[in-house]
1. Could you check region 168-191 and list, in sequence order, the residues that are open to solvent by 50 Å² or more (accessible area, probe 1.4 Å) and more than 15 Å from the chain's Cα centre (by Cα)?
2. Sort out which residues of region 314-344 are within 22 Å of K371 (Cα to Cα), modelled with pLDDT of 90 or more and of a type in the set (A, V, I, L, M, F, W, C), and write them in order of number.
3. Which of the residues spanning region 325-349 are of a type outside the set (D, E, K, R) and assigned to a loop (DSSP other than H, G, I, E, B)?
4. Quick check on region 507-523: of everything there that is out of contact with any strand residue (DSSP E or B) (no Cβ under 8 Å at 6 or more places or on another chain) and closer than 17 Å to W541 by Cβ, which residue is most open to solvent (accessible area, probe 1.4 Å)?
5. Quick check on region 524-550: of everything there that is surrounded by fewer than 15 Cβ atoms within 10 Å (Cβ to Cβ) and of a type in the set (K, R), which residue is modelled with the highest pLDDT?
6. Which residue out of L94, L124 is within 38 Å of the chain's Cα centre (by Cα), at pLDDT 95 or above, crowded, with 21+ Cβ neighbours inside 10 Å and over 30 Å from Q231 (Cβ atoms)?
7. Does S176 fit the bill of being modelled with pLDDT under 95 and touching a helix residue (DSSP H, G or I) at 6+ places or on another chain (Cβ under 7 Å)?
Amino acid sequence: MAFLDLLKKRKETDVNEVSDVSTFATNQNSDSTYSKQVSFRSAADVLGSGEYSSRPFKLIANPASVERSVRSPNRVPTAGERVITKYNGIVLYLKEALMTDHISITYATNHVDFFAKIYIVDVLRLDMLENKANRMLREKIDIPGVCWPIDILNDNNGYFVGILVPASRGVQLTRSIFNGATGLSQFFPQWNKIDLCVLTVTILDKIQKMHDLGLLFGCINPASIYIAGTQDVYFVDTDSWQVEGYPALSHNQTFTPPELLRDNKTLLIYTMDQENYQIAVLAFMLMMPGKFPYTKGKNADERDSIIDMAFPFSVGGGMRRSRDAERPSGIWRIVWDHLPYQMCDGFYNTFHSNGKYAQPGYRLDTTKWIKMTKDFNDTLMTSNGAGSRSMFPRTFRRDGKRVFVRCKICGQEHPDYYFIHSIHVQQEKIDIWERGYRICLPCASDQSNMSFRCECCGRQFYYTNRTKVLHEIGKSDFDFKKQRWCKDCKKRTIKCGHCGQEVPIYQMREFEDRLRNLRTSVCGNCFKELIEKSKQEKEAWKNSVGRWVSCRSCGRSFSITNGEIEYFSRKGYNLPTRCPNCRKKRY
């Protein structure tokens, strides 16, 4: 597949770890002694460019031209094979694969301080990657943790196959911070919100230094950011960045600005304004560990929620959550509440469709987010409140103005607005707060101790605490009947044995035709119809002749109806032997 086709398809790209990169075990053998004696100098020194200028890279609006490569390999080196650095002339051996993405594999080498990034054959058939690498190597970029290329790697035939980059360490941002409570407990269990602020400043500061040099991510890929500590961060895959007219090599829908998705644009070169939007998303997902800024709603996917800018959080005053955006009722609403007003205001106005920073050309730059984060960190350092320092506080800030109430289910105190105050029973609004129910919003959705067994499937189902209250009030005030069927069985259908229509299985009734000795499963409407028809048939049967007999007195034949036979039989009487006229004369 051609390299430009990979870009045009705009697939979501990621960096996947082949092994545990946090340990970076390179299985050093006898080559390790040799590797320690080797020193590398930056290709920029060989090329004579020396230290970089104040802004060595220009922001270019048009993509660089791409041609077929004059010389490209038929295969690329793999683990156990060697590569040669172009400008240092040093032989390196590829060891185990550490990371892989859609265009390359990154290997450990016999030099512990350097990794080798080897591209796949398909993308080497075009000259773009080699030209981009040469442009990057002309500048000596020295930002701590930014794994800028050191040299070009060739195979034994002198073909360009990849780049040499400084070794990195740590764990991917996507696996740790962006994995929420799970990732934090696994990799950084002792961290609190202060540590998160320091980490955020560290990441944003590196990005600001990139921007000062004229470098852009193009499209942020958080999987290429590795965390070893709050101030020990590595940006890998720098060759995937947007460098002048060379486009970004990754695409991540989560970080794509709304206007690009709305216009369905296939963009190769991003602007600084579009980059600023992505930095805001990155800052939000750092301060709200792993939380996506928009609400997906019941029927919306990620793309639609970005386009609609359905931001679910509000700040106060005239700032309200987006229309149709479901307000978070769990931990995220509490985490949001502990962020400083200035930061919440920045996020709200960036992500809300009516925000003053929401439209292109008005977005906050990286320096603004750095200042907000530093101010938040200073506040946390001097504050006596342990709640805001917690990564996931258990309840809202106590600002002296809020009235806190204890939930009768979980026992946690929350502001009174964080409780359910009313429910609708048969379209009637019932104030449950006045009735003494004190159930916080998270507990309202939790499982209660009340259940029912479905008469159709036989399974046991437990109500939520909200539904439990609804049924308690429904039984006492609205004469609710016991629930008999689960929602799944209410959706199941079966063909009616009489009319043939598909109807919900729980509506089926067993009809017994005693005259014909038949049993049939029918729908409710047919059941009523058959019952009425059965009554008519029963009445007609009762009035019909069941037997003809000769009168013992006059000798004439007379009839006895089925109804009379049934009556006399039920009473234990013998059937009449005289006709009705003779019976009248006798009496």
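1. Selection gives R169, S185, Q186, F187, P189, Q190.
2. Within region 314-344, V335, W336, L339, M343, C344 qualify.
3. We begin by selecting, within region 325-349, every residue of a type outside the set (D, E, K, R); these are 325, 328-332, 334-336, 338-344, 346-349.
Once the filter is applied, which keeps residues that are of a type outside the set (D, E, K, R) and assigned to a loop (DSSP other than H, G, I, E, B), region 325-349 yields A325, P328, S329, G330, H338, L339, P340.
4. Applying the first criterion (out of contact with any strand residue (DSSP E or B) (no Cβ under 8 Å at 6 or more places or on another chain)) to region 507-523 yields 507, 514-517.
Now drop any that are not closer than 17 Å to W541 by Cβ, which leaves 514-517.
Numbers: R514: 198, L515: 89, R516: 126, N517: 132 Å².
Selected residue: R514.
5. Checking each candidate, the answer is R547.
6. Numbers: L124 fails: at pLDDT 95 or above.
Answer to the selection: L94.
7. On the way: modelled with pLDDT under 95: no; touching a helix residue (DSSP H, G or I) at 6+ places or on another chain (Cβ under 7 Å): yes.
So S176 fails the test.
Results for (1) open to solvent by less than 80 Å² (accessible area, probe 1.4 Å); (2) assigned to a helix (DSSP H, G or I); (3) at pLDDT below 90, shown as yes or no for each residue.
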| residue | (1), (2), (3) |
| --- | --- |
| M450 | yes, no, no |
| G458 | yes, no, yes |
| F461 | yes, no, no |
| L470 | yes, yes, no |
| I473 | yes, yes, no |
| S476 | no, yes, yes |
| D479 | no, no, yes |
| K482 | no, no, yes |
| W485 | yes, no, yes |
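The values are calculated or read from the model by the stated rules, or taken from the named source; none is laboratory data. Because the structure is predicted, anything quoted here is derived from the model rather than measured. Virtual Cβ from ideal backbone geometry, glycine too; neighbours counted across all protein chains shown. Please note that ligands, DNA and RNA were not included when accessible areas were found on the heavy atoms of the full protein model with its side chains. Shrake-Rupley method; radii C 1.70, N 1.55, O 1.52, S 1.80 Å.
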